[in-house]
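Working notes for the structure below.
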Amino acid sequence: MSLVLLVVVGVLFSIGFYLLMQRSLIRIVVGFVLLGHAANLGLLLAGGPAGAPPLLGRHLPGGERMTDPLPQAMALTAIVITFGVTAFLLALAYRSWLFLDEDKVQDDVEDRRVNAEARRGAGDEYASHEVAEEDHG
């Protein structure tokens, strides 16, 4: 059972990171949500198998082991943080859509210029032509 959960956590992390690298803001938000779910599953998986509730003053018959409450507390904290950041990202995506009528992250002109200069320095003739067009246009 634990191997299946490890695979699920790995798949959720990889899909979440893949979606974070996309240009669409909604995909970025979904990727962040998947990363939050993967982190919560990872925390609960790290807590080990279920045991008796951790209540003080309780005698456990038969040497039954108590559950560690720390991973559960950390998972609850991660849920709250993920919810807050997701709400903030959704508000940013909505505001961007209101003002730009699209949810794509636009290219930064300065990043394109630096990239073109780096390629020109490496001997790429197309890059030098691209920089010359940007200077004139």
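The values are calculated or read from the model by the stated rules, or taken from the named source; none is laboratory data. Small disclaimer: the values here were computed from a predicted structure and weren't measured. Reconstructed Cβ throughout: ideal geometry from the backbone, glycine too, with neighbour counts over all protein chains shown.
Name the residues in the stretch 36-54 that are touching a strand residue (DSSP E or B) at 6+ places or on another chain (Cβ under 6 Å) and of a type outside the set (G, A, S), would you?
The one that is touching a strand residue (DSSP E or B) at 6+ places or on another chain (Cβ under 6 Å) and of a type outside the set (G, A, S): P54.
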So, in the stretch 23-41, how many residues would count as being closer than 24 Å to A75 by Cα and either free of Cβ contacts under 8 Å to residues at least 60 places away in the same chain or surrounded by fewer than 18 Cβ atoms within 10 Å (Cβ to Cβ) (or both)? 13
Got at least one residue in the stretch 47-64 being modelled with pLDDT under 90, in a helix (DSSP H, G or I) and surrounded by 17 or more Cβ atoms within 10 Å (Cβ to Cβ)? no
Would you check if there is a residue in the stretch 93-103 being surrounded by 12 or more Cβ atoms within 10 Å (Cβ to Cβ) and touching a strand residue (DSSP E or B) at 6+ places or on another chain (Cβ under 6 Å)? yes
Just give me the residues in the stretch 18-27 being modelled with pLDDT under 95 and out of contact with any Gly (no Cβ under 6 Å at 6 or more places or on another chain), in sequence order. M21, Q22, R23, S24, L25, I26, R27
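Which of the residues that make up the stretch 12-42 are part of a helix (DSSP H, G or I) and among the charged types (D, E, K, R)?
Step one: list which residues in the stretch 12-42 are part of a helix (DSSP H, G or I), which gives 12-20, 25-42.
Scanning the stretch 12-42 gives a single hit, R27.
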Taking the stretch 1-34 and the residues there that are over 13 Å from the mean Cα position of the chain (by Cα) and among the aliphatic types (A, V, I, L, M), the one that is nearest to F99 (Cα to Cα) would be V8
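Looking at the stretch 78-117 only, could you name the residues that are acidic (D, E) and assigned to a helix (DSSP H, G or I)?
E110, D111, E117
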